[in-house]
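For reference, the structure is listed below as structure tokens.
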Amino acid sequence: MKNTLTRRGGKLWERERPGLLFLLIFALVFLRFCYYGLEYFPQLDDYIQMYNQPAFYSFTRIVLDMGLLASRPLASVMDYAFWSHFWPCMIAAVALISALYAASACLFRRVWGEYFGTGYVFLAVYALLPLGMEGTYWISASNRVVPSLFFIALAMRLFQRWCTGGKRRFLILYFLTQLVSFCFYEQGLVLSITGVLLVGILEFFRQRRRALFSLLTFVNVIIYFLFTSAFSTGTGQLGSRLKLTLPWQEGWGQVFSSAARQTGTSFLLGGYKTLFRGFRRGLECIFAELNPLWVLLLVFFCILLFFCTRRFTVEGKRPVTALIVGFLMALAPITLFFVLSNPSIALRNTVFSFCGIALAADALFNMIFRGVRARNLIAGILCAVFAFGASVCAVSELHDYRETYLADQRAAAAITDALGDGDGISAAAKVGIIGLQSDYLPEQNFKYHEHIHGATESVWGLTGLLMYKSDNPNFPYCTPLPTGQEDLSGFDILLIYDHETGTARRYTPEMKDSE
């Protein structure tokens, strides 16, 4: 029996098994989101896109009348027709998105591995970099970012298969898959074009004629813009999302400086704080509210990652070329913001650059440790330690998402109770809420744009939350007002919210002195 087990164990570790590797990466990605159990904590747009729109309105009104097909058409359609059905159990949607993200990691690595021997450093950085928490967890963002990345990686792999094998079905599938990848996010379009063209260039020296079919990507660009432009001439809310200011046009200097500043802030400052401050706060969260099962599972998966990395890491090839390709893949998705008239780079936008960042990190590892005898052991330790540390960082981010969700629910319950779920109040009534804050977190890893901001910060976010909480599509629009605001005219109803007691009461300015 002992010899049989040994032989079976030996066979298991004879070669890398793609299916088991995918399951390991998926487990590490999804585990980050489960520290507080199998529960998702909705944020901001989630109430509007995942519940309110399909519950209260028809598909025609939401998608067609609002012009949502003018930009990210598949994302808008799938919000209504697919993702909203997960509302009773949104953690299942998180699991599916995590699986797509893990699959994209394996596919990207497979593509680059053909040319550079890309290894496990790539997988660890791409899948677990703490900066990507917003773009891989918050469903209103992740259900756009991650499917786009998955179809980009799949299109690149299919095109690569066409180049190496010449089977026409791979060419057709590549063409269709790349077109799909365009339809979730504008950055996905830029990254997909860049990725396929880079594969075409690398394959040009092997299969010159087949590699030229990478130019089909521009046919897909034409098809995409012809489709979206047909819906962008009306008054739809998204029709102007891709309004451009080009370098030779007036005002481009301001666009460039804004995009450059935001790029540095989001990648460098955001990356530093979500990693180092996130790790410190993650440890604090774990010690304050220990989940021993989560910790044991994380240690187990990190040990598996260590053994896989040590066993199957191969000598990298052409690290300088890999570094250049990685730089181009990281840069390409950000270039879009340098020509958008109103650039806004959020943390979710950084995830599109992770393929390039991870490839560059893997190439640097190969350059530094080339020829070192303990190279595989070092790689295993680095990957396992990074996976553990990045997962601890994610706990602090998840903690903030949970606390923001609980604060939103607390405020919504108080406001809907004070207004009687909006029944008997005109939908046109102007309601002001005094005392609300953007969030109630005593500390946050990196407060930037919408990164873990409460629905209590904005009119659209607060009203969307209250419509969901009251299950009333005619709930009046509510405006958060800072404490101490002097001009309270123009509101039909005023409330004061007290976060400490979780209560809201009606207020009239004339009663100010007596109170």
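The values are calculated or read from the model by the stated rules, or taken from the named source; none is laboratory data. This is a predicted model, so every value here is computed, not measured. Quick reminder, even Gly has a Cβ in these numbers, built from the backbone with ideal geometry, and neighbours come from all protein chains shown. These accessible areas exclude ligands, DNA and RNA; they are computed on the full protein's heavy atoms, side chains included. Shrake-Rupley method; radii C 1.70, N 1.55, O 1.52, S 1.80 Å.
Values for this structure:
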item: Scan of the range 441-462 for residues that are assigned to a helix (DSSP H, G or I), free of Cβ contacts under 8 Å to residues at least 60 places away in the same chain and open to solvent by 20 Å² or more (accessible area, probe 1.4 Å), ordered by number; result: 457, 459
item: Verdict on residue 157 being among the charged types (D, E, K, R) and modelled with pLDDT under 90; result: no
item: Selected residue [surrounded by 23 or more Cβ atoms within 10 Å (Cβ to Cβ) and over 30 Å from residue 379 (Cβ atoms)] from 79, 65; result: 79
item: Subset of the range 249-279 that is of a type outside the set (A, V, I, L, M, F, W, C), assigned to a helix (DSSP H, G or I) and free of Cβ contacts under 8 Å to residues at least 12 places away in the same chain - its residue that is least open to solvent (accessible area, probe 1.4 Å); result: 264
item: For residue 437: the one exception among (1) in contact with a helix residue (DSSP H, G or I) (Cβ under 6 Å, 6 or more places away or on another chain); (2) in contact (Cβ under 8 Å) with a residue 40 or more places away in the chain; (3) closer than 30 Å to residue 264 by Cα; result: (1)
item: Leading residue by the ranking (farthest from residue 446 (Cα to Cα)) among those in the range 399-430 that are open to solvent by 40 Å² or more (accessible area, probe 1.4 Å), in contact with a Pro (Cβ under 8 Å, 6 or more places away or on another chain) and not aromatic (Phe, Trp, Tyr); result: 426
item: Residue in the range 356-368 that is over 21 Å from residue 111 (Cα atoms) and open to solvent by 40 Å² or more (accessible area, probe 1.4 Å) present; result: yes
item: Looking only at the range 495-515, and only at residues there that are modelled with pLDDT of 85 or more and surrounded by fewer than 18 Cβ atoms within 10 Å (Cβ to Cβ), the one that is farthest from residue 417 (Cα to Cα); result: 500
item: Scan of the range 205-222 for residues that are surrounded by fewer than 18 Cβ atoms within 10 Å (Cβ to Cβ) and either among the hydrophobic types (A, V, I, L, M, F, W, C) or in a helix (DSSP H, G or I) (or both), ordered by number; result: 205, 208, 209, 212, 215, 216, 218, 219, 221, 222
item: Residue check for residue 328: open to solvent by 30 Å² or more (accessible area, probe 1.4 Å), modelled with pLDDT of 95 or more and under 20 Å from residue 389 (Cβ atoms); result: no
item: Cross-chain or 6+ apart pairs with Cβ under 6 Å, the range 463-484 first and modelled with pLDDT under 90, then open to solvent by 20 Å² or more (accessible area, probe 1.4 Å) and charged (D, E, K, R); result: 470/421; 472/421
item: Flag for residue 227 being touching a residue at least 12 places away in the same chain (Cβ under 8 Å) and within 30 Å of residue 76 (Cβ to Cβ); result: yes
item: Candidate set from the range 309-325 (those that are touching a Leu at 6+ places or on another chain (Cβ under 7 Å) and open to solvent by less than 40 Å² (accessible area, probe 1.4 Å)); member that is nearest to residue 117 (Cα to Cα); result: 322
item: Failed criterion for residue 345 (all others in (1) in contact (Cβ under 8 Å) with a residue 24 or more places away in the chain; (2) outside any helix (DSSP H, G or I); (3) open to solvent by 10 Å² or more (accessible area, probe 1.4 Å) hold); result: (3)
item: So residue 201, is it of a type in the set (A, V, I, L, M), without any contact (Cβ under 8 Å) to a residue 24 or more places away in the chain and open to solvent by 10 Å² or more (accessible area, probe 1.4 Å); result: yes
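Table: residues versus (1) farther than 24 Å from residue 38 by Cβ; (2) open to solvent by less than 30 Å² (accessible area, probe 1.4 Å); (3) among the aliphatic types (A, V, I, L, M).
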| site | (1), (2), (3) |
| --- | --- |
| 123 | yes, yes, yes |
| 133 | no, yes, yes |
| 137 | no, yes, no |
| 167 | yes, no, no |
| 172 | yes, no, yes |
